[in-house]
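First the structure, in the form of structure tokens, and then the observations on it.
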Amino acid sequence: MSETQKFTPDELKSIQELQQVYNNKLQDFGQVRVQRLLLEQQLQGLDVREESLEKEYRDAQKLEGELVEQLSKKYGTGQIDLATGEFTPNS
């Protein structure tokens, strides 16, 4: 049967320091994963907001087209001065 041996204090210190390095890296990996998860959630929120804005933009374009059509039927084609509300028909 073999005899039990003890590590030297320096060897034991080196092992403990290495163990601490691993523990720190595991903690760092955990923090990175949580940060990635939060960023993914933010990206999902941005995707939803972007889709909503795209729909609102298309809706505004549709309203613009309808308004232009109504005004063209009433006044014909021309230019409008939004500051004064004056319409100048095309020649």
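Laboratory data are not the source of any read-out in this text; all were calculated from the coordinates shown. This one's a predicted model, so the numbers in the text were calculated from it and none came from an experiment. Note that we place each Cβ from the backbone using ideal geometry, even for glycine, and neighbour counts take in every protein chain shown.
Hey, any hits in the range 72-91 for a residue that's among the hydrophobic types (A, V, I, L, M, F, W, C), part of a helix (DSSP H, G or I) and free of Cβ contacts under 8 Å to residues at least 40 places away in the same chain? Quick ask: steps written out before the conclusion?
Start the filter on the range 72-91 by keeping residues that are among the hydrophobic types (A, V, I, L, M, F, W, C), which leaves 80, 82-83, 87.
Still in the list and also part of a helix (DSSP H, G or I): none.
No, the range 72-91 contains no residue that is among the hydrophobic types (A, V, I, L, M, F, W, C), part of a helix (DSSP H, G or I) and free of Cβ contacts under 8 Å to residues at least 40 places away in the same chain.
Identify all residues within the range 1-15 that are loosely packed, with under 10 Cβ neighbours inside 10 Å and either in a helix (DSSP H, G or I) or of a type in the set (Lys, Arg) (or both); write none if there are none.
Of the range 1-15, the ones loosely packed, with under 10 Cβ neighbours inside 10 Å are 1-6, 8-10.
Passing the criteria: 6, 9, 10.
Kindly indicate whether residue 52 is under 37 Å from the mean Cα position of the chain (by Cα), assigned to a helix (DSSP H, G or I) and surrounded by 10 or more Cβ atoms within 10 Å (Cβ to Cβ).
Yes.
Does residue 73 satisfy the condition of being basic (Lys, Arg) and exposed (fewer than 10 other Cβ atoms within 10 Å of the Cβ)? Before you say what the answer is, go through the steps one by one.
Numbers: basic (Lys, Arg): yes; exposed (fewer than 10 other Cβ atoms within 10 Å of the Cβ): yes.
Yes; evaluated as a whole, the condition is true for this residue.
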